[in-house]
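Structure, as structure tokens:
The values are calculated or read from the model by the stated rules, or taken from the named source; none is laboratory data. The structure displayed is predicted, hence computed values, not measured ones. Glycine also receives a Cβ, built like all others from the backbone with ideal geometry; neighbour counts cover every protein chain displayed. With ligands, DNA and RNA removed, areas are computed over all heavy atoms of the protein, side chains included. Shrake-Rupley method; radii C 1.70, N 1.55, O 1.52, S 1.80 Å.
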Amino acid sequence: QKYGYYHCKDCNIRWESAYVWCVQGTNKVYFRQFCRTCQKSYNPYRVEDITCQNCKQTRCTCTVKMRHVDPKRPHRQDLCGRCKGKRLSCDSTFSFKYII
């Protein structure tokens, strides 16, 4: 799971997502995300690891994890290529094989 930056060229809308699924050890994206306005699907133009803002590590042991994602923000399942139309969402604790 990585953090991605998106841009819809038709609507000129930009968005970011912490639900970018890549081939392990690479930035090759598995699933596209949909623009909320025109519903066209896009790959991110930039992908990076989700890091802790305290120690700048991806897997840290900080007691208070300050990540550049908001865990309370709801996942837009209707715009996610991985879980759109599926019963379970990417932000659930179930494994990958159950949502495909």
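Structure summary
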read-out	value
T61 versus Y45: modelled label distance in nm, points set 7 Å from Cα along the beta carbon direction	4.0 nm
Prolate/oblate/rounded call for the stretch 1-83, Cα gyration tensor, a/c under 1.5 rounded	prolate
Total lysine pairs under 30 Å (Cα atoms) in the stretch 1-83, excluding pairs fewer than 8 apart on one chain	15
Other-chain or far-sequence residues with amide H under 5 Å of R32's (modelled H)	G81
Per residue value of the accessible surface for the stretch 1-83 (all protein chains in place, 1.4 Å probe), Å²	69 Å²
